[in-house]
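Participant: One structure, pasted below without further comment.
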Amino acid sequence: MKVEIVSKESIRPSNPTPPHLKTYKLSLLDLHTTPFYTPIFLFYSNHTQSKPTERSCCLKRSLSQTLTKYYPFAGRYTDNESAIGCNDEGLEFWEARIDCKMSDILKQPDSDDLNILFPPGFTWKQSLEGSIVAIQVNFFDCGGMAVNFGEQVSPQFIDPSIISPHIVVSVVPRFELVESSNHVTRRFVFESEKITELKTIVRDCKAEENLTRVQVVTVLLYKCAIKASHANSGSLKNSRLCHLVNMRSRMDPPLPTNSIGNFVWYFLVSNNGKMVTLEELVDQLKNGMAKLCDKEKNNMKVNDWLLGVVKSWGEVNKIVDEDVEAYRCSSFCRFPMYQVDFGWGKPMWVSCANPVVKNTFVLMDAQKGDGIEALVILDEQEMAIFQCDEELLAFASLKSNISLCCLNTNAS
């Protein structure tokens, strides 16, 4: 497969940003989050038979108009990294031609093929320099299109009066994204029927009524990863799973659901150095969530909650303790990515580039229904064991191809 970059330009806001909006301070949670590009892919069939030049011009025009409202995305980090200078420098926009049909990639979406659909050198790149958002639009021989975008730490587009400027943030360090070697990625698909079956099994054992699909899939992946590590090393290691939570709706009052930024926090689940059951892990997951979001015991007013985050920062070191095997889970489920319609229909597949840190689970909505696609990144030897786990394969399938039923005949 050959990729030809046909153009590269900076897209600026259609109207200049007013002087009083030239500096946008980052939130506390943005300040501690490592700035790296998270690459998301959206694949579209060419249902309208429109030409690539027409679609590209439409996207650039729409993007320029949108940046007038979301002006920090067209800015750059300030020298002290605590704010974004909204200078209207614009975001990088690449256009490429791919000399194959889109179905050629989706029949077996190899990670290397997906990565080259993203602007060169930007996949999971850590940087406080340059464009905060990078976009590459890829047009295939068949007329299909892949819109790929990545953003660094995004500003918190919430009324500044909500978050007090007096909160001290100097004690908050940033996480570093350390790329691991000898890891592999596999994509597992949990159909909605299998998730319902898994819920029923756990519910029957624990009499739990409100289990979510993300909860049961997460604990199954973690349990099977523990087993794979044990089988590979011969010893049962102490491990912790860091589970991220969107805190917007948990605040008092709730923050807008469409606010942009890293308003997330975490809780830990652990095997405590022993083999654990699904039921035990579900207990920990639900208790951890309840404790994190308990409005009776915690002050969930935004400013007070953020002060609590600062005071508890030492606990974050538990995630990366050298004596503990760390796992991470992040979920994009319920994010309406399959509803993104630029005027040529909704995407037929949404995914992200393979993460570069091992022991990571990334959950995304499946193509249809309430299923889940899970990207699992493990040590190569551990993955060889993990992907053959009968308990896992009873509910998930190891997929190497994407359903092409949503493609029209031209795209296939």
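Participant: So for the stretch 265-274 (the condition being over 19 Å from Asn359 (Cβ atoms) and of a type outside the set (S, T, N, Q)), does at least one residue qualify?
Facilitator: For the stretch 265-274, residues over 19 Å from Asn359 (Cβ atoms) and of a type outside the set (S, T, N, Q): present.
Participant: Please specify each residue of the stretch 375-384 satisfying the condition of being surrounded by 22 or more Cβ atoms within 10 Å (Cβ to Cβ) and closer than 16 Å to Phe332 by Cβ.
Facilitator: Within the stretch 375-384, Val376 is the sole residue that qualifies.
Participant: Out of Tyr77, Tyr71, which single residue is open to solvent by less than 40 Å² (accessible area, probe 1.4 Å), within 22 Å of Ile260 (Cα to Cα) and at pLDDT 90 or above?
Facilitator: Matching residue, one of Tyr77, Tyr71: Tyr71.
Participant: Next question. In the stretch 29-57, how many are open to solvent by less than 10 Å² (accessible area, probe 1.4 Å) and in a helix (DSSP H, G or I)?
Facilitator: The total comes to 4.
Participant: Follow-up question, since we're still on this one. For the stretch 238-271, enumerate the residues that are outside any strand (DSSP E or B) and at pLDDT 90 or above.
Facilitator: Asn238, Asn271
Participant: So the check is Cβ under 6 Å with 6+ separation or different chains; which pairs have a first residue in the stretch 97-108 that's touching a residue at least 24 places away in the same chain (Cβ under 8 Å) and a second one that's open to solvent by 80 Å² or more (accessible area, probe 1.4 Å) and aliphatic (A, V, I, L, M)?
Facilitator: Filtered contacts from the stretch 97-108: Cys100/Met1.
Participant: What number of residues within the stretch 101-115 satisfy the criterion of being at pLDDT 85 or above and open to solvent by 20 Å² or more (accessible area, probe 1.4 Å)?
Facilitator: 2
Participant: Of the conditions (1) modelled with pLDDT of 90 or more; (2) closer than 23 Å to Met337 by Cα; (3) open to solvent by 60 Å² or more (accessible area, probe 1.4 Å), Glu95 clears all except one; give me its number.
Facilitator: Checking Glu95 against (1) modelled with pLDDT of 90 or more; (2) closer than 23 Å to Met337 by Cα; (3) open to solvent by 60 Å² or more (accessible area, probe 1.4 Å), the one that fails is (3).
Participant: I need a count of the residues in the stretch 73-121 that are assigned to a helix (DSSP H, G or I) and closer than 10 Å to Pro13 by Cα.
Facilitator: Count: 2.
The values are calculated or read from the model by the stated rules, or taken from the named source; none is laboratory data. If you're wondering where the values come from, they're calculated on a predicted model, not measured in any experiment. Cβ coordinates were reconstructed from backbone atoms using ideal geometry, including for glycine residues, and neighbour counts include every protein chain displayed. Each accessible area value is taken on the protein alone, full model and side chains, heavy atoms only, with ligands, DNA and RNA left out. Shrake-Rupley method; radii C 1.70, N 1.55, O 1.52, S 1.80 Å.
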